[in-house]
1. Just to be sure, is residue 48 in contact with a His (Cβ under 8 Å, 6 or more places away or on another chain), buried (at least 19 other Cβ atoms within 10 Å of the Cβ) and either more than 17 Å from residue 1 (Cα to Cα) or at pLDDT 70 or above (or both)?
2. Take region 1-26 and flag every residue that is within 16 Å of residue 81 (Cα to Cα) and among the small types (Gly, Ala, Ser).
3. For region 113-147, name all the residues that are of a type in the set (A, V, I, L, M) and surrounded by 17 or more Cβ atoms within 10 Å (Cβ to Cβ).
4. Anything in region 93-112 that is open to solvent by less than 30 Å² (accessible area, probe 1.4 Å) and either at pLDDT 70 or above or of a type in the set (A, V, I, L, M, F, W, C) (or both)? List them, or say none.
5. Which pairs have Cβ atoms under 6 Å, sit 6 or more apart or on different chains, and link a residue in region 133-159 that is farther than 17 Å from residue 89 by Cα to one that is surrounded by 14 or more Cβ atoms within 10 Å (Cβ to Cβ) and acidic (Asp, Glu)?
6. For residues that are aromatic (Phe, Trp, Tyr) and either closer than 23 Å to residue 124 by Cβ or open to solvent by 70 Å² or more (accessible area, probe 1.4 Å) (or both), tally how many sit in region 27-45.
7. Just to verify a result, which residue in region 52-66, among those that are under 20 Å from residue 116 (Cβ atoms) and of a type outside the set (Phe, Trp, Tyr), is surrounded by the fewest Cβ atoms within 10 Å (Cβ to Cβ)?
8. What single numbered condition from (1) in a loop (DSSP other than H, G, I, E, B); (2) at pLDDT below 90 fails to hold for residue 9?
Amino acid sequence: ILFPSLASNYRLILPLPAKSLLEDQKERVEKYLKKFSLLYKNREVSLVEDTGSKMYRWIYKNGELVKNKRTSNPKRHLYKGNVILTTIDKFLYRYFGFGDKQKSFTFPLRIHKEKTLIAFDEAHSYDEISFTNFYSLVKSLYEAGRSIVLMTATMPEKCQEKFEFLDT
């Protein structure tokens with residue numbers, strides 16, 4: 001999903017169920033972004049990691065990391081990036097605009113930006129209360145007309161039924 005998104009000039013947001021999965025994906029995505037930036041010479045592509053406790057932005061160009069930015073103000077770039085890795089909890093927090101009064105509308109605005117694809121990997125891994133929150137978020141994004149993808153190897157049939165409004 002990463003290469004088609006970038007090639008089509010879409011911004012890809014990947015909310016993941018756990019920080020450990022996010023860290024694994026960060027390493028994988030970083031390798032892909034370096035390769036992608038070799039294919040599209042002189043085009044910068046960026047990776048944002050947002051876990052709440054830390055927010056980083058890396059920029060790649062011509063197969064190399066050209067900038068690693070940890071800002072003194074961790075909310076400074078406010079989801080400005082080609083690929084955004086975050087946890088489902090932090091994405092819910094950002095999507096519904098919780099936080100500082102001056103920033104609470106900025107994240108939803110950036111999330112709803114045109115040409116944004118939100119891809120939920122490991123969609124089968126949510127249970128009970130977290131599934132209720134996950135379902136509400138997906139339904140809200142769908143109703144808002146956002147481009148969304150749920151990815152999973154083993155979605156239980158009961159969960160599939162809840163997402164009947166999505167194409168399979």
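1. yes
2. 5, 7, 8, listed by residue number.
3. The answer is 117, 118, 119, 123, 137, 138, 141.
4. Scanning region 93-112 gives 94, 95, 107, 111.
5. Listed by first residue and then by second, the contacts come to 151/121.
6. Total satisfying the criteria: 2.
7. 59
8. (2)
The values are calculated or read from the model by the stated rules, or taken from the named source; none is laboratory data. Please read all numbers here as calculations on a predicted model, not as lab measurements. Note that we place each Cβ from the backbone using ideal geometry, even for glycine, and neighbour counts take in every protein chain shown. Calculation scope for accessible area: heavy atoms of the full protein, side chains included, ligands and nucleic acids excluded. Shrake-Rupley method; radii C 1.70, N 1.55, O 1.52, S 1.80 Å.
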